[in-house]
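Report on one structure; see the data block that follows.
The values are calculated or read from the model by the stated rules, or taken from the named source; none is laboratory data. Everything numeric in this text was worked out from a predicted model, so none of it was measured. All Cβ positions, glycine included, derive from the backbone under ideal geometry; neighbour counts span all protein chains shown. Heavy atoms of the whole protein, side chains included, go into the accessibility calculation; ligands, DNA and RNA do not. Shrake-Rupley method; radii C 1.70, N 1.55, O 1.52, S 1.80 Å.
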Amino acid sequence: MVVATPSRRTFRSLLLSLALVVRCACFVLPAKPVAPRAAAVRATLEKPSGPGRLIIVRHGETPWNHNDTFTGWADVDLSERGVREVSLAARELRKLGVSVDVAYTSALKRAIRSTWILLQELDQVYRPVFKTWRLNERAYGALTGLREDRCKAAVGADTWWRWRMSLRARP
């Protein structure tokens, strides 16, 4: 089996999505990190911010993500690429000296598995993990399982964007 390493661009886009998505694994970090390598990172992480740090990490890619299919609450597992993405994110967190106190994740398989991989790569599998449906991805109802491009063609681009990007508009 050949395993390709994700490119820097893939990792950069993954990090951007990590900071923007709330439906995934979350880690509360201690106020003082464990031996960061870069002085700039150390200075950023050591700023006083209260009782701890919160890092939000999105689950890795699933086959449905790859096909641009509305996933919602469908319990789809990670693809091989998704496993590699999460492992890469965990290695980057490890380079920064991140130590996890507790992890929170949705009740969906892709997020739980991403949490396991992250904790394993960080060598912190003993940390408590709390699962809740309240962190699940948005429920898309009848759109779940439909390809996004076909849905956009059927209902129109404006309606599709409103459904996809708004927290208030219901599909």
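Let me check I've understood the local charge: for Arg162, count other residues with C-beta under 15 angstrom from its C-beta, Lys and Arg +1, Asp and Glu -1. What total comes out?
Computed value for this residue: +3.
Net charge around Lys152, counting only other residues with Cβ within less than 15 Å of its Cβ (Lys, Arg = +1; Asp, Glu = -1)?
Details: positive: Arg147, Arg150, Arg162, Arg164; negative: Asp68, Glu148, Asp149, Asp158.
Local net charge: 0.
Tell me, what ³J(HN,Hα) does each residue in the stretch 72-77 have, in order and in whole Hz, if you take phi through Karplus 6.51 cos²θ - 1.76 cosθ + 1.60 with θ = phi - 60° and put x for Gly and Pro?
x, 8, 4, 8, 8, 7
Could you please state how large a percent of the accessible area of the stretch 55-144 is carbon and sulfur, counting protein chains only and using a 1.4 Å probe?
Values: 2260 of 4250 Å².
The value for the stretch 55-144 is 53 percent carbon and sulfur by accessible area.
Using 0.36 nm per residue of separation minus the Cα-Cα distance, give me the extension gain between Arg164 and Arg150 in nm, one decimal. Mind showing how you got there, number by number?
Details: separation 14, 0.36 × 14 = 5.04 nm, distance 1.36 nm.
Going from the current span to full extension adds 3.7 nm.
On average, how much accessible surface per residue is there in the stretch 112-171, in Å², for a 1.4 Å probe, leaving out ligands, DNA and RNA? Mind showing how you got there, number by number?
Values: 4270 Å² over 60 residues.
Here the residues of the stretch 112-171 average 71 Å² of exposed surface.
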